Structure formats: structure tokens, C-alpha cells
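A.B. asks: Before I ask anything, let me first share the structure, which is written out below as C-alpha cells.
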Amino acid sequence: MPETNSLNIFANRFWFAPGDVFLRSIERVIWAKQSFKPPILDIGCGDAGISRILFKGHRKIDLGIDLDKAGIKKARQSNFYKKVMIVDAADMPFEAGSFQTVISNSTFEHIKNDLKSVAETSRVLKKGGRFFFTVPSKRLKNALEAIIKDKNKVNILNQRLSHWHYRDLNQWTDILQKHGLIVETYQYYFPKPAVKIWYRLFRIATFRPYRREFWSYLKDSPYGRLFPKRLIAKIIVQYLRPFLPQIFDRSGCWLFIVAKKS
């Protein structure tokens, strides 16, 4: 089962952030089914730690961009990208039609000016090129409000996550079409029961026992060495596995979209 395999891979690498393990492992299954034509641009490459797992098996990505200077430095050292640059997706310094493929995993919800970024994505794509991206839909906002039952706490959560937008499929279809991008296919994933588990794990990982969130102590402090990483990873997989059969239900709160430039 590819979902279980992905869980194992992410759990062993990101055992300190089980919520991320759950979500990213599902996205890996989606990305593994895609085919990219070069040259490829990755918007929101981060430090390449997640990208190199999500996109493993694809040809080496031509260019990764992000605004995180520390992340870009690590991405450069990873040698996963041919080139990485500190670039604002809403103002890309590339010529029109520079790329055959643009990919972006759970990034556009973090971009304040996401509409300008869509316009820029279309501009740098060649005619016939494709834009592949994942993004939380408005269903996630509705699910969180139903689970948390406190809009103020939901707002605080969105601030912590840096989620600026929740758009539904119809909104994305209209936005993309306005910029010459026609939706070819889409897929929902991560339904409300999965969101409930994800939120529970997120709260555990972001609990502040002192000045830092718990996951940070595990990942970056000497205390992390005291924890049995392999055992924790195994427990995470066993805990999450029962939720996998319904993970691609049509009621999913995240969206994967492929749009072609006309």
C-alpha cells in the first residue's frame, strides 16, 4: 500500500512532527503519480527536506524558489535542485515562457498576494505547460471551525500556520482561467476525520513546555536524543494507518489541481 510506505518514510524522517508526517505522506502518494516536463520550477522549495521526499523519483528539478534565506541555503546544500534562488512568487525575475512545468506543494495558502503569484506563474509558463499544486480548500476552514468550535482559536491557528487564504475549487477554477490556466484535473484528499487527527497531533507538537514548541525541543535540542526515534516512528505509523483507506474521499479538505496554460 503506497500510503503506508509513505507514512514509514516520513515518520522515520520527521518523527518529531507527526501531523506533518500524516499530511505530507499522503501528498507524496499524489506527487508520485505525476509526470513533469522540464524545465521545472518549484515554488516554495523551503530547505528541500520535504521536497526531496515528495518529488523523489522525478528528474532533478531545475529551479527552486523561496523567501526563506536559511531554507534556501540548506536547499542549495542538498543538491536536489540544479539551482535555488530567493525569489518572491508574486514578482519573479524570469522571462515569459521560461518553464514547461511549475509545481508547488502547500505553498499558495502562505502567500499573501496569491492572485499576483498565479498571474506570475502563468506568465513564466510556456504555452501548453502545466501548473501542479496542492492547497487547503475552504472545506478545511469549515472543518477546523466545526472541530475547534471557537472562531478566535481558529484565527490564532491560522496565524500560527500562516494560512492567508482558503479558496474552494470554483474559486480556483475562475482565478486560474482568468490567467489562461485551464483546470485539467483535480483531486480532494484529507477528509474531516483526518483533519481531526491532524489537529490533535498538531496541538501535541506545538505545545510549549517552556519557551519553544515541543517539536522544536525534539528536533533541535539535546533532549531529542533521549527519545527512541524508531519506536516513536513505528507508533506514529500504527496510529495513522487505520485512517488511510478513506484518505482520498471526495469530501477531502485539501485540493490537488493540475492546470494547463492555453
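A.B. asks: Kindly write out, for region 40-47 in residue order, the coupling ³J(HN,Hα) from the Karplus curve 6.51 cos²θ - 1.76 cosθ + 1.60 (θ = phi - 60°), rounded to whole Hz, with x marking Gly and Pro.
C.D. replies: 10, 10, 10, 8, x, 6, x, 8
A.B. asks: Rounded to whole Å and sorted largest first, list the principal axis extents of the Cα atoms in region 1-136.
C.D. replies: 40, 31, 28
A.B. asks: Checking a compactness column here: for region 121-202, what do you get for Rg(Cα) / (2.2 N^0.38 Å), N being the number of residues?
C.D. replies: Taking the Cα Rg and dividing by 2.2 N^0.38 Å, one obtains 1.30.
A.B. asks: Per residue and in cubic angstrom, what volume does the convex hull of the Cα atoms of region 174-216 have?
C.D. replies: It is 131 Å³ per residue.
A.B. asks: Next question, about the same structure. Using only the alpha-carbon atoms of region 61-169 as identical scatterers, what base-10 log of I(q)/I(0) does the Debye formula give at q = 0.13, 0.19 Å⁻¹?
C.D. replies: Values, matching the q order: -0.58, -1.03.
A.B. asks: Leaving out same-chain residues fewer than 8 places away, which lysines sit with a Cα under 18 Å from that of residue 260?
C.D. replies: 33, 37, 116, 126, 127, 178
A.B. asks: Please compute the alpha carbon radius of gyration of region 90-134, then divide it by the globular-protein estimate 2.2 N^0.38 Å. Two decimals is fine.
C.D. replies: Here the Cα radius of gyration is 1.08 times the empirical estimate.
A.B. asks: Further question: Based on DSSP, what percent of beta bridges with both residues in the chain are antiparallel, to the nearest 5?
C.D. replies: Antiparallel: roughly 45 percent of the beta bridges in the chain.
A.B. asks: Could you pull out every one of the lysines with an alpha carbon less than 22 Å from that of residue 74, ignoring same-chain neighbours closer than 8 positions?
C.D. replies: 56, 60, 82, 83, 219
A.B. asks: Another one. Taking a cut-off of 18 Å, what percent of all Cα-Cα pairs in region 41-101 are separated by more than that?
C.D. replies: Working: 486 of 1830 pairs.
Counting pairs separated by more than 18 Å, the tail of P(r) holds 27 percent.
A.B. asks: With a 1.4 Å probe and every protein chain kept in, tell me what percent of the accessible surface of the chain is carbon plus sulfur.
C.D. replies: It is 51 percent, rounded to a whole number.
A.B. asks: Please compute the per residue accessible area over region 127-262 with all protein chains in place, 1.4 Å probe, rounded to a whole number of Å².
C.D. replies: The answer is 59 Å² per residue.
A.B. asks: Treating only the Cβ atoms of Lys and Arg (+1) and Asp and Glu (-1) as charged, compute the dipole magnitude of the chain about its Cα centre; round to the nearest 20 debye.
C.D. replies: For this selection, approximately 640 debye.
A.B. asks: For a bin width of 5 Å, list the pair-distance distribution of the chain built from all Cα-Cα distances, rounded to whole %.
C.D. replies: Calculated P(r), rounded to whole percents: 1, 6, 12, 17, 19, 18, 14, 8, 4, 1, 0.
A.B. asks: Further, regarding this structure: So for the chain, taking the charge dipole from beta-carbon charges (+1 Lys/Arg, -1 Asp/Glu), which of 256, 181, 58 sits furthest toward the positive end?
C.D. replies: 58
A.B. asks: Report the full-extension gain for the segment residue 91 to residue 235: residue separation times 0.36 nm, less the Cα-Cα distance, to one decimal in nm.
C.D. replies: Separation in residues times 0.36 nm, less the Cα-Cα distance, equals 47.5 nm.
A.B. asks: Can you divide the C-alpha Rg of region 140-262 by 2.2 N^0.38 Å and report the result to two decimal places?
C.D. replies: Numbers: Rg = 18.1 Å, N = 123, 2.2 N^0.38 = 13.7 Å.
The reported ratio for this selection is 1.32.
A.B. asks: Still on this structure, please answer the following. So what is the accessible area of region 39-89 per residue, in Å², with the probe set to 1.4 Å? Walk me through the numbers before you get to the answer.
C.D. replies: On the way: 2540 Å² over 51 residues.
Result: 50 Å² per residue.
A.B. asks: For the pair residue 74 and residue 60, how long in nm is the line joining their label points, each one 7 Å along Cα→Cβ?
C.D. replies: 2.2
A.B. asks: Sort all Cα-Cα distances of region 204-262 into consecutive 5 angstrom bins from zero, then give the percent of pairs in each bin up to the one containing the longest distance.
C.D. replies: Cα pair-distance distribution for region 204-262, in percent: 4, 13, 14, 15, 13, 14, 12, 8, 5, 2, 1.
The values are calculated or read from the model by the stated rules, or taken from the named source; none is laboratory data. As the structure is a prediction and not an experimental result, all values here were calculated from the model. No Cβ is skipped: glycine too gets one built from the backbone with ideal geometry, and neighbour counts run over all protein chains shown. Accessible surface is based on the protein model in full, side chains and every heavy atom, while ligands, DNA and RNA are left aside. Shrake-Rupley method; radii C 1.70, N 1.55, O 1.52, S 1.80 Å.
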